[in-house]
Structure formats: structure tokens, C-alpha cells
1. What is the chain's relative contact order, in percent, from Cα pairs under 8 angstrom and six or more apart in sequence?
2. Would you mind getting me the FRET efficiency between GLU275 and ARG70? Use the beta-carbon distance for r and R0 = 56 Å, nearest 0.05.
3. Just grab the label-to-label distance for GLU19 and LYS315, each label 7 Å out from Cα along the Cβ direction, in nm (one decimal).
4. Convert each backbone phi in segment 242-247 into a coupling constant with the Karplus relation 6.51 cos²θ - 1.76 cosθ + 1.60 (shift: θ = phi - 60°), then list the ³J(HN,Hα) values in order as whole Hz, x for Gly and Pro.
5. Of CYS162, CYS52, how do they rank once you tally other Cβ atoms within 10 Å and put the fewest first?
6. For the ranges 24-36, 381-393, 215-227, what's the packing order if you count other beta-carbon atoms within 10 Å of each residue, average per peptide, and put the highest first?
7. Exposure proxy check: ILE263, ILE314 ranked by fewest other beta carbons within 10 Å?
8. Rounded to the nearest 5, what % of DSSP beta bridges with both residues in the chain are antiparallel?
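Rule-based calculations on the coordinates, nothing more; no lab input. Bear in mind that the values here come from a model prediction, so they are computed numbers and not experimental data. Please note: Cβ atoms are built from the backbone with ideal geometry, for glycine as well, and neighbour counts cover all protein chains shown.
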Amino acid sequence: MAYVNENHLKLPGNYLFAEIGKRVNLFKNDHPEAKIIKLGIGDVTRPLPAACIDAMHRAVDEMGREETFRGYPEYEGYDFLIQKIIEYDYLKRGIHIEADEVFVSDGAKSDTANIQELFGSDNIIAVTDPVYPVYVDSNAMAGRTGVYGADGKWSKVVYLPCTAENNFVPQLPDAKVDMIYLCFPNNPTGMTLTKAQLKKWVDYAKANKSVILFDSAYEAYIHEEDVPHSIFEVEGAREVAVEFRSFSKTAGFTGTRCAYTVIPKEVKVFAPDGEAQSLNRLWYRRQATKFNGVSYIVQRGAEAVYTEQGQKQIKATIGYYMENARIIRDGLKSIGIQVFGGVNAPYIWLKTPDGMDSWAFFDKLLSEANIVGTPGSGFGPSGRGYFRLTAFGGRESTEEAVERFKTRLKL
Ligand code: PLP
């Protein structure tokens with residue numbers, strides 16, 4: 001008999017976006033004439049930069065010629081891409097990263113979900129609340145989170161509330177935690193940390209021999225000066241932090257798939273006898289066993305992000321989305337809705353009017369204005385009473401959505 005991994009049975013029912021899809025389909029069946037605007041799922045809509053397309057076309061041609069054909073890529077990524085990552089994403093900010101500390105992958109989702117495999121099952125995880133659900137669910141599948149309660153919390157997870165009351169800045173936990181997931185600019189709140197705020201976490205991790213798993217998938221959206229782009233801008237972070245980056249939101253690669261993870265050689269996890277083990281080596285070994293690399297064509301496309309044309313094109317697209325964010329922010333503010341984020345991130349996090357339940361507001365927005373957003377409670381208990389809109393839509397539909405907020409939503 002094949003037995004099930006019972007950890008999977010402990011996961012709560014519907015994945016957030018499946019539930020949203022279900023409700024939208026029900027609404028469509030009853031109102032086939034409604035023109036629905038989707039500002040829910042965090043997926044991009046603008047096409048890939050022309051520089052990336054050209055590079056991928058050239059790479060396809062290379063694959064068709066015997067002299068330039070390539071088979072399996074290296075597990076950790078091609079050197080041509082790694083060198084560009086090091087130079088543009090780190091060296092330009094004064095950060096020194098070695099080539100064998102960068103691991104190219106098919107996505108920050110898989111990397112942030114898989115990294116927990118390298119940690120013992122008794123580690124205590126801490127997550128900001130609300131949170132990108134992958135961190136918690138991947139640990140739940142590994143049996144590290146305890147029991148899921150009626151309050152929407154796992155018994156063994158330390159939640160770090162990020163709400164309007166603390167300006168979305170997570171406070172250090174009272175209890176000792178071992179694995180700390182931080183994501184800034186944040187999905188879903190769109191908020192950021194300053195270098196000084198991040199430094200407190202690095203100091204905590206050093207004092208407690210914890211590891212910070214820092215997701216900076218939205219780094220390219222940072223506009224303000226004092227917001228760190230990388231956790232490695234913080235002194236001491238090389239000893240305690242892993243950083244996840246992605247070309248998905250930076251360059252429209254959500255469907256093309258390319259990302260990378262940086263693990264400095266100083267980052268250590270410990271055996272029961274106290275012996276330090278290099279997380280970098282453990283990850284290399286794990287990837288070599290379970291991952292066969294990112295396609296040559298896609299890595300050439302990602303490399304082109306760093307050309308002069310590529311840089312110009314991604315900045316134009318990010319500028320387009322951030323103008324959407326401004327339109328949403330200003331429009332909602334003008335009708336008295338309290339909004340957060342949307343300045344250094346493509347997400348606008350709003351407080352539901354009159355403290356309305358997140359799902360109740362979802363239904364109201366869908367039925368009155370035919371707009372789909374994401375209920376904040378889907379990201380964790382502290383997301384209750386909040387709601388997420390994304391700036392990834394087209395300009396016209398974003399403007400139309402704001403107009404509908406003003407004219408059709410009964411506040
Ligand atoms: N990390 C965060 C915080 C995200 O919001 C997302 C996607 O929405 C990802 C990672 C996934 O990135 P990728 O497309 O590289 O898998």
C-alpha cells in the first residue's frame with residue numbers, strides 16, 4: 001500500500017487564487033454581460049523587452065546548428081549570465097558576490113519553496129503576516145508548521161504582524177526563531193524596510209544563528225533612495241542571509257521562467273553536534289540532484305536584460321506599471337479609501353471601508369464594480385480587513401477600474 005505524506009493533508013483547502021477563480025466564474029455565469037477588470041493575480045501583462053526577444057531568437061538559431069548546439073546546461077547557470085548578475089545587480093551597489101554564490105533557476109517560487117529542504121525539521125520559522133503563501137505552505141508540506149487552527153494560523157509558526165498600526169514593519173520576535181522569511185518590497189502590502197530596519201534583523205540572525213531568507217523579487221520597483229535593493233547592502237548580512245531574485249517582475253519573465261538565488265559561502269546551518277555546514281554547498285548538492293538547469297535560450301534572454309537596450313526597455317515597462325500604481329493610489333485616496341504601498345512596489349494594499357471583511361469586500365467590488373482584486377485575509381490573519389490591487393493591468397483598464405471605484409462602488 002502506498003501511504004500518503006500526511007503533512008499534505010494538513011494544508012487548508014482551496015489555494016487563494018482557485019477560490020477567487022471559482023467566485024469569478026460563478027459571477028460570470030449569472031452576469032454574462034459584465035465586463036470584468038482583473039486587478040487580482042500578480043502577473044505581468046506587458047510583452048517581453050525587444051532586447052530579450054532578439055537574444056532568444058539568436059539563441060534558438062544557435063541551438064539549430066551543430067557547432068553551437070548545447071545540451072544540458074550547468075545546474076547553477078551559465079557564466080555569461082552569472083557575471084552580468086554580479087556586475088549589474090551587486091557590484092554597481094558596492095556588493096561583492098562570487099560567481100559560485102549565484103544559482104540561476106526557473107523561478108523564485110520554486111527556490112523559496114525548496115530552500116527549506118536544507119533545514120532540520122525542528123527549525124522554527126517566522127514569517128511576516130500577511131505573507132506570500134509559498135513560504136508557509138512549503139514548510140507545512142515538510143511537516144515544520146504544526147497544526148492549522150481555526151484562527152488561520154499554524155501552531156508552530158511565528159507570525160510577525162505587519163499592519164497599518166506598525167507601518168508594516170515587522171517587530172523582532174520574543175521567542176527564538178531559526179528561519180526568517182522576509183520579502184521587501186513586500187507582496188502583498190507593497191511596503192518596504194529601510195536599511196536600519198533591515199539591520200535589526202541581520203543583527204538578530206547573527207545573535208541567534210538564524211538564517212534570513214530574503215525575497216527581493218520586486219527590487220526593480222524601488223524608486224525611493226533610502227530603500228535597500230539587496231539585503232547584502234546591510235553589514236553582516238553575508239553571514240546570515242540568502243537572497244532570492246527573479247526576472248519575472250523585473251523583465252516580464254513570468255511565462256519565460258528565470259530567476260536566481262544568492263547564497264554567500266559564509267551562511268551556515270548547524271549539525272546536532274554543533275558542526276557548521278555551508279548552506280551554499282548543500283544547495284549546490286541539492287540542485288545537482290533535483291534540478292537540470294534553465295534553458296540556454298532563456299538564459300540568453302535574461303542576459304539581454306543587462307544590455308543598454310534591455311535596461312532602457314525594462315525601465316520603461318516598470319515605469320508603465322508604476323504609473324498605473326499612482327493612478328490607483330490617487331484615485332482611491334480621492335474617495336477616502338486608505339491605501340498603502342504602490343510607491344516602491346506594484347501592489348496597492350487598501351484598508352477595506354468600514355472594517356469590512358476581506359472576502360465580503362471582494363464580493364462587493366465584483367458585484368458593484370465588476371473588479372477582481374485579492375482579499376487580504378488570503379495572505380494571512382493580519383491581512384484581514386485589507387485588500388490587494390495590482391498595477392500590472394493595462395492603462396485603459398486601470399483607469400476604467402478607478403472610475404468604477406468612484407462611480408459604482410457604494411461606500
Ligand atoms: N516571490 C514573491 C514575493 C512573489 O510575489 C512571486 C510571484 O508572484 C514570486 C516570488 C515568484 O517568482 P517567480 O515567477 O520567479 O517564480
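1. Working: 781 pairs, mean separation 93.1, N = 411.
It rounds to 23 percent for the chain.
2. On the way: r = 39 Å, r/R0 = 0.70.
That gives a FRET efficiency of 0.90.
3. My value for the distance between the label points is 4.2 nm.
4. Running phi through 6.51 cos²θ - 1.76 cosθ + 1.60 with θ = phi - 60° gives 10, 10, 10, 10, 8, 8 Hz.
5. Details: CYS162 25, CYS52 28.
Final ranking by Cβ density, sparse to dense: CYS162, CYS52.
6. Numbers: 24-36: 11.4, 381-393: 23.7, 215-227: 18.6.
Highest to lowest by the protection proxy: 381-393, 215-227, 24-36.
7. Values: ILE263 26, ILE314 22.
With the sparsest Cβ surroundings first, the list reads ILE314, ILE263.
8. Working: 22 of 40 bridges.
Antiparallel: roughly 55 percent of the beta bridges in the chain.
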